[in-house]
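Data first, discussion second: the structure below is written as structure tokens.
Rule-based calculations on the coordinates, nothing more; no lab input. Note that the coordinates shown come from a computational prediction; the quantities given were computed from them, not determined experimentally. Because the Cβ atoms are built from the backbone with ideal geometry, glycine has one as well, and the counts that use them run over all protein chains shown.
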Protein chains: 2
Amino acid sequence: MPTTNLDETARQILAAASRRFLHYGYKKTTMSEIADDCNMSSGNLYRYFPSKLDIAEMFVRVLRGEQVANLRTVLDAPGRTPAQKVRDFFLLKFKLAYERFHDNAKAFELSSALILERPKVALEWENAEGRVLGEILAEGNADGSFAIDDVPAITKILQNAAYRFTSPAVFHETDEEVLAAELNGVIDLVLDGFAWRSAHRDHGKAAAAGSRS
Amino acid sequence: MPTTNLDETARQILAAASRRFLHYGYKKTTMSEIADDCNMSSGNLYRYFPSKLDIAEMFVRVLRGEQVANLRTVLDAPGRTPAQKVRDFFLLKFKLAYERFHDNAKAFELSSALILERPKVALEWENAEGRVLGEILAEGNADGSFAIDDVPAITKILQNAAYRFTSPAVFHETDEEVLAAELNGVIDLVLDGFAWRSAHRDHGKAAAAGSRS
DNA sequence: CGATTGAACAGTTTATATATTAGTCAGGCT
DNA sequence: AGCCTGACTAATATATAAACTGTTCAATCG
């Protein structure tokens, strides 16, 4: 709930801006228009946000909060094994990203514009989702289905392996069903990797390094 | 060797164009300049190439030929197991892509411009490399280290899993060493997945589907 | 007569002028 | 006082004109 910290007026500004960002795009909405929507002067906006880009950043922060909360439901799903939750996590993440960006050029534009100027926001987003994924992995460690000693490292590896299915730039090329099927293929292989490591608990860095070069 | 099919004059044009593409960029080199380099009129270029874009396409085709030949050396490396060759393949592919695009905006521009208008070229490139990777997998099947029944499907899955490390758009953000280390992490996990499947030869589509949903 | 040219055309890029907008701040309002 | 306004400015974006470039093809060359 990132909006909790915000003033009532700030929240009103954010709501007006969000509506226009999604409908007309980031570049085409002006500060004056946002101000008019809130029945205030454009100058007054700067008492609540340092710049237009910061409004966009807050918008994305809210979106991220919702998405992370959405992904977190995977954790609480009853009757699902950790392995199934890993799959659920990435399929849901893919679905959310696909639905947001496919046939929604405005959302893509806002995202691109923000990430270009504030790369840190993208990193924070990835880390926030990574924490959820890490909890799934920890759960698998606890019930013995996984055997992961460096959870953050494996989290990163999984995010890398699924990158193709979370990078919006590629979405326009391929159909959702096809991509989902390919994502399942990657998850299958990765989970088998976990199964192998779980059966050979002596893996660790030594074994991994040994198999290399 | 894609240039073998070409006329001597066509090869001269291609060489002149390639030099300018890499030095000044695709958009900034004009047909007149290429023609001047070859001591001919601009109109005469069209007796050898239908358009400027086709010169760029041929340039990329040559590049692809070299890259695939380069990757193919991985296959013939003596004393390497198939698993090691899978790693070699992707590390080499990453290194080649990184070196080509990092700090070489011109190569990136040419690639982007071409892929935008001729997406098929990118697909053909991926397929050509996939064939080499498929041969490595087949080798692993032959010596028993892998147990892959649908080699093309697994090839695609591997390419998807390594996408993060072959997509030039991301290269400018992260340092080569870090990316290579992360790629190794993905390969580790994927190879463990192969090991698991090799140890449980009854995997196949039924088992994979069963583990899902 | 086939091979080549370069002027001509249509489309695009660049350069320039005009207009809009993000952000500031001295003052007005409550 | 504290909150808000709206004219102002520097910077960005849009619109318009000029220049250039990819491509064609009738005329020329060998």
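Indicate the gyration tensor shape class of the range A:1-49 (rounded, prolate or oblate), computed on the Cα atoms with a ≥ b ≥ c the square roots of the eigenvalues: a/c under 1.5 is rounded; otherwise a/b larger than b/c is prolate and the rest oblate. Judged from the Cα gyration tensor, the range A:1-49 comes out oblate (a/c at least 1.5, b/c at or above a/b).
A P(r) calculated from all alpha carbon pairs of the protein assembly as shown, with 10 Å bins opening at zero, reads 4, 18, 25, 23, 17, 10, 3, 0 percent. Need the list of lysines near B:LYS156 for cross-linking: C-alpha distance under 23 angstrom, and skip anything on the same chain fewer than eight residues off. List returned: A:LYS93, A:LYS95, A:LYS156, B:LYS85, B:LYS93, B:LYS95, B:LYS120, B:LYS205.
Using the charge dipole of the range A:28-151 (Lys, Arg: +1 at Cβ; Asp, Glu: -1 at Cβ; taken about the Cα centre), state which of A:TRP125, A:THR30, A:ALA107 has its Cα farthest towards the positive end. Of A:TRP125, A:THR30, A:ALA107, it is A:THR30.
Let me check I've understood the local charge: for A:VAL121, count other residues with C-beta under 12 angstrom from its C-beta, Lys and Arg +1, Asp and Glu -1. What total comes out? Intermediate results must be reported in sequence, preceding the final value.
Working: positive: A:ARG61, A:ARG64, A:ARG118, A:LYS120; negative: A:ASP54, A:GLU57, A:GLU117, A:GLU124, A:GLU126.
Combined, the nearby Lys, Arg, Asp and Glu give -1.
Simple point charges give the picture: +1 on the Cβ of Lys and Arg, -1 on the Cβ of Asp and Glu, and for chain B a dipole about the Cα centre of about 420 debye. Net charge in the neighbourhood of A:GLY25 (other residues with Cβ under 14 Å of its Cβ; Lys, Arg +1, Asp, Glu -1) is +4. Taking every alpha-carbon pair in the range A:52-211 and binning the separations at 10 Å intervals from zero gives 10, 37, 33, 16, 4, 0 percent.
Other residues lying with their Cβ under 15 Å from the Cβ of A:THR174 contribute a combined charge of -4, Lys and Arg counting +1, Asp and Glu -1. What you get for the range B:1-49, charging only the Cβ of Lys and Arg (+1) and of Asp and Glu (-1), is a dipole of about 200 debye around the Cα centre.
Estimate the FRET efficiency between B:ALA122 and A:ASN70 by the formula 1/(1 + (r/R0)^6), using the beta-carbon distance for r and 30 Å for R0, to the nearest 0.05.
Efficiency for this residue pair is about 0.35.
Treating only the Cα positions of the range B:1-115 as identical point scatterers, give the base-10 log of I(q)/I(0) from the Debye formula at each q in 0.11, 0.21 Å⁻¹. Debye intensities relative to I(0), on a log10 scale: -0.44, -1.11.
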